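Asks: Could you have a look at this structure, given as structure tokens, before my questions?
The values are calculated or read from the model by the stated rules, or taken from the named source; none is laboratory data. Remember, predicted model here, so these are calculated numbers, not experimental data. Don't worry about glycine lacking a Cβ; one is built from the backbone with ideal geometry, like all the others, and counts go over all protein chains shown.
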Amino acid sequence: MSLSVRDAARERPAGDALAAPGGTLSWSALARAVLADAARLAGEARLGRADGPARVAFTARGDARTVVRVLALIELGVPFAPLHPRLAAAERAAQLAALAPVLELDGLEPDDPFAAPAARGAAPDPPGAAPADDERPLALVFTSGTSGAARAAVLSRRAFAAAAAASAARLGWREDDRWLLALPLARVGGLSVVTRCLAGRRAIALPGDPAPEALAAACAGQRATLASLVPAQLARLIAAGPAEGALGTLRAVLLGGAEAPDALLREARARQLPVLPTWGMTETCAQAATVPPGFEPVPAHGCGPPLPGVELRIAAGRVAVRGPTLFSGYLPDPGPPLDAGGWFATRDLGRLDGRGFLHLLGRADEMVIVGGENVAPREVEAVLAAAPGVAAALAFGVPDAGLGEVVGVALVRGSEPAPGDELLAAWIAPRLAPFKRPRRLAWVDALPETADGKPDRRGAAARLAASLRPFRAS
């Protein structure tokens, strides 16, 4: 199916398209609002015209207006960069510089589709037909890394269309499906909810608020059947109340963006939540591997097999990807991102089991180098998270004058009494080689996270500098 709201309105005019606390719009009504915004952009900003801007940027909030703006730009065929609303001024300036020349659209806001006359009446038709799903850029999405220069992955219409088709092949579509938009629209995980629903002619469910209580209420109130979450969100949903009741309408929860702790997966299984661990990244246009429906979320299944049409291999310990969902390059970096065989080498370390299921082993750029020895943070975290009295663990590098780096850990207390240093050291010693054992430790109420809810291994040492204290497990 095409990435066109006009086509969606022709093919499923009365079908649900956008559900929010304020009501539900059909594809016909949503298309009128989208085409009205597209006509306004074409007239006031000359978008979609030969002499118009080559690309645009705007603040991407998780509301109905932003969904309308995204769909209008897709209809016009104008590449856009959705900017995270929580960016600091310096971060936003760096991203705009990477996109230059670019037209900022903030200040030219679309109407609320639930209140605007365009949702009820005829709308002017913007110039041109809906562009085909081809190699032309659709979106310029900044990666969610915590360090390094700002750069945006160029994702084509081909990539989004192929990703939507691959996701549908793994999950299928039901007539009543509604996908909860719980991830930021500035990230590929959130943006892909919109493009999947557009391609599948199914409804986007808006929670109206990112708080766990609002997400749970949206699942019930908007009758969401699908959701994409990061582990931190799922943990908060479970902690906020009886998740099995609030999330009872869901038939599948894609859980990605970071590795899910074993304890969280056990809790999800105990509550019979349909969690499907997933792996993907901006460069793969979101999910590239997903545990199939019907499989329990257990460590033995890892992140599941690659989606149909996507190939995975392990090269020098790193996960490499090939397929039609891959990005076209970075801005402002020149040069092709793929090798001669069409493979993209990621920074994720992993292995493929005998069934072709992917198991992640950490990131090459997060390895802690202790006196010349490589330490994988996830290996340390797995040992500590299994210790009695520890609910969660984060391992990271801490600068050290003698060894270059030593392993630091942040621990969250569990329901049992927290272990003292001697008990914790006795637990660690037979399970980790001396160079892998932590030398710095801090007990915290919550693990440090990035703005996207991912573990902040790179920034943890600086953020916890005042709390870290010496620890020896030997």
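Asks: Take ALA300 and decide whether it is touching a Phe, Trp or Tyr at 6+ places or on another chain (Cβ under 9 Å), farther than 15 Å from ALA258 by Cβ and surrounded by fewer than 24 Cβ atoms within 10 Å (Cβ to Cβ).
Replies: Considered against the rule, which asks whether it is touching a Phe, Trp or Tyr at 6+ places or on another chain (Cβ under 9 Å), farther than 15 Å from ALA258 by Cβ and surrounded by fewer than 24 Cβ atoms within 10 Å (Cβ to Cβ), ALA300 comes out as yes.
Asks: If you don't mind, there's one more thing I want to ask. Residues to consider are PRO448, PRO438, PRO419, PRO434; find the one that is in contact with an Asp or Glu (Cβ under 6 Å, 6 or more places away or on another chain) and either modelled with pLDDT of 95 or more or not acidic (Asp, Glu) (or both).
Replies: PRO448
Asks: Check segment 396-416 and report whether any residue there is under 30 Å from ALA152 (Cβ atoms), touching a strand residue (DSSP E or B) at 6+ places or on another chain (Cβ under 9 Å) and in the same structural domain as VAL444 (by TED's automatic domain parsing).
Replies: Yes: one or more hits.
Asks: Out of everything in segment 301-315 that is aliphatic (A, V, I, L, M) and part of a strand (DSSP E or B), what residue ends up being farthest from the chain's Cα centre (by Cα)?
Replies: Result: ALA315.
Asks: Let me ask something else about it. Quick one: which helices (runs of 4 or more DSSP H) sit completely within segment 1-106 and have at least 3 residues that are more than 25 Å from the chain's Cα centre (by Cα), more than 25 Å from PHE327 (Cα to Cα) and among the charged types (D, E, K, R)?
Replies: 5-11, 27-44
Asks: Can I ask one more? Does ALA239 fit the bill of being without any contact (Cβ under 8 Å) to a residue 12 or more places away in the chain, surrounded by fewer than 19 Cβ atoms within 10 Å (Cβ to Cβ), farther than 20 Å from ARG12 by Cβ and not basic (Lys, Arg)?
Replies: No, not satisfied.
Asks: Tell me yes or no: at least one residue of segment 278-300 is touching a Leu at 6+ places or on another chain (Cβ under 6 Å), over 27 Å from PHE142 (Cβ atoms), outside any helix (DSSP H, G or I) and not small (Gly, Ala, Ser).
Replies: yes
Asks: State all residues of segment 307-337 that are within 22 Å of LYS454 (Cβ to Cβ), at pLDDT 95 or above and out of contact with any Ser or Thr (no Cβ under 8 Å at 6 or more places or on another chain); if no residue qualifies, say none.
Replies: Matches in segment 307-337: LEU312 only.
Asks: Collect the residues in segment 362-380 that are outside any strand (DSSP E or B) and among the acidic types (Asp, Glu), keeping them in residue-number order.
Replies: Hits for segment 362-380 are ASP365, GLU366, GLU379.
Asks: Right, PRO293: surrounded by fewer than 22 Cβ atoms within 10 Å (Cβ to Cβ), under 18 Å from GLY189 (Cα atoms), at pLDDT 95 or above and under 21 Å from the mean Cα position of the chain (by Cα) or not?
Replies: no
Asks: In addition: Is it true that some residue in segment 400-411 is surrounded by fewer than 19 Cβ atoms within 10 Å (Cβ to Cβ) and either under 27 Å from PRO184 (Cβ atoms) or in contact (Cβ under 8 Å) with a residue 40 or more places away in the chain (or both)?
Replies: Scanning segment 400-411 turns up no residue that is surrounded by fewer than 19 Cβ atoms within 10 Å (Cβ to Cβ) and either under 27 Å from PRO184 (Cβ atoms) or in contact (Cβ under 8 Å) with a residue 40 or more places away in the chain (or both).
Asks: Output yes when any residue across segment 316-331 is surrounded by 18 or more Cβ atoms within 10 Å (Cβ to Cβ), basic (Lys, Arg), in a strand (DSSP E or B) and not assigned by TED's automatic domain parsing to the domain that holds GLY402, and no when none is.
Replies: yes
Asks: Pairs, please: C-beta under 7 Å, at least 6 apart or cross-chain, first residue under 16 Å from ARG351 (Cβ atoms) and in segment 276-305, second among the polar types (S, T, N, Q) and part of a loop (DSSP other than H, G, I, E, B)?
Replies: So the pair list comes out as ALA288/THR325.
Rundown of residues vs (1) out of contact with any helix residue (DSSP H, G or I) (no Cβ under 9 Å at 6 or more places or on another chain); (2) over 25 Å from GLU259 (Cα atoms); (3) without any contact (Cβ under 8 Å) to a residue 60 or more places away in the chain; (4) not assigned by TED's automatic domain parsing to the domain that holds PRO277, yes/no style:
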| residue | (1), (2), (3), (4) |
| --- | --- |
| GLU175 | yes, yes, yes, no |
| LEU191 | no, no, no, no |
| LEU198 | no, yes, no, no |
| GLU213 | no, no, yes, no |
| ALA216 | no, no, yes, no |
| SER228 | no, no, yes, no |
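Asks: Sticking with this structure for a sec: Within the set of pairs 6+ apart or on separate chains, which have a first residue in segment 14-29 that is in the same structural domain as ARG223 (by TED's automatic domain parsing) and within 24 Å of ALA214 (Cβ to Cβ), a second that is hydroxyl-bearing (Ser, Thr, Tyr) and part of a strand (DSSP E or B), and C-beta atoms under 9 Å apart?
Replies: ASP16/THR24; ASP16/SER26; ALA17/THR24; ALA17/SER26; LEU18/THR24; LEU18/SER26
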